[in-house]
Amino acid sequence: QVRLVESGGGLVQAGGSLRLSCAASVRRFSSYAMGWYRQASGKQRELVASVYLDGSTTYVDSVKGRFTISRDNAKNTVYLQMNSLKPEDTGVYYCNKVAPVEAWGQGTLVTVSS
């Protein structure tokens, strides 16, 4: 059974930084592309950053140059370093496979104040 546990969220002022972590109990974790998703209030969940098997990464335009996704296959963990945070980055952040997704974890709330 897959379990995803996100942590590291919090309240931060605009311009600040946070580092999110996701512990994934996924068999053959290193065989899957993993991503960080964001769901703002009243909006659909969106994929904001992905890391692939070869270590390559992709980002949605709104976070390029500010967010960095990484993975540690030995620890079955995915990270999201978020710098220069903006109020529009506020939301609940989830990690999951890129596709197909597994059951969602509880997410971690990021609130960026202006």
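Things worth noting here:
- Among 38, 27, 66, the residue with the largest mean-square fluctuation in a Gaussian network model of the chain, with springs joining Cα atoms closer than 10 Å, is 27.
- Largest-first ordering by accessible area, 1.4 Å probe, given options 47, 11, 18: 11, 47, 18
- Accessible area of the chain divided out per residue, in Å², using a probe of 1.4 angstrom: 54
- Along the range 96-102 the Karplus relation, 6.51 cos²θ - 1.76 cosθ + 1.60 evaluated at θ = phi - 60°, assigns HN-Hα couplings of 5, 4, 5, 5, x, 6, 9 Hz to successive residues, with x for each Gly and Pro.
- Ignoring lysines fewer than eight residues from residue 86 along the same chain, the ones with Cα atoms less than 28 angstrom from its Cα are 43, 64, 97.
- Under-5 Å amide H pairs with residue 16, H placed in peptide plane, nonlocal only: 85
- Additional length obtainable on full extension of the chain from residue 43 to residue 14, 0.36 nm per residue less Cα span: 8.4 nm
- Per-residue 3J(HN,Hα) values for the range 48-54, derived from phi via the Karplus relation 6.51 cos²θ - 1.76 cosθ + 1.60 with θ = phi - 60°, read 9, 7, 9, 10, 9, 4, 8 Hz in sequence order (x marks Gly and Pro).
- Surface accessible to a 1.4 Å probe, residue 43 within the full protein complex, Å²: 140
- Portion, in percent, of the accessible area of the range 70-114 that falls on carbon or sulfur, probe 1.4 Å: 52
- Positive minus negative residues near residue 66 (Lys, Arg vs Asp, Glu; Cβ under 14 Å): +1
- Difference of contour (0.36 nm per residue) and Cα-Cα distance, residue 72 to residue 99: 7.8 nm
- Long-range amide H partners of residue 10 with built H, under 5 Å: 110, 111
- Taking the convex hull of Cα positions in the range 49-93, its mean projected area over all directions (nm²): 3.5
- Förster radius 25 Å - calculated FRET efficiency between residue 52 and residue 88 (Cβ-Cβ, nearest 0.05): 0.45
- Projected label distance in nm at residue 5 and residue 60, using a 7 Å step from Cα toward the beta-carbon: 2.7
- One quarter of the surface of the convex hull around the alpha-carbon atoms of the range 30-114 equals 5.8 nm², the direction-averaged projected area.
- Residue among 76, 22, 99 farthest towards the positive dipole end of the chain, charges placed on Cβ: 76
- When the chain is treated as a GNM with alpha-carbon contacts under 10 Å, the residue of 26, 78, 60 showing the greatest mean-square fluctuation is 60.
The values are calculated or read from the model by the stated rules, or taken from the named source; none is laboratory data. Since the structure is predicted, the reported quantities are computational estimates derived from the model, not experimental observations. Please note: Cβ atoms are built from the backbone with ideal geometry, for glycine as well, and neighbour counts cover all protein chains shown. What goes into the accessible areas is simple: the full protein's heavy atoms, side chains included, and nothing from ligands, DNA or RNA. Shrake-Rupley method; radii C 1.70, N 1.55, O 1.52, S 1.80 Å.
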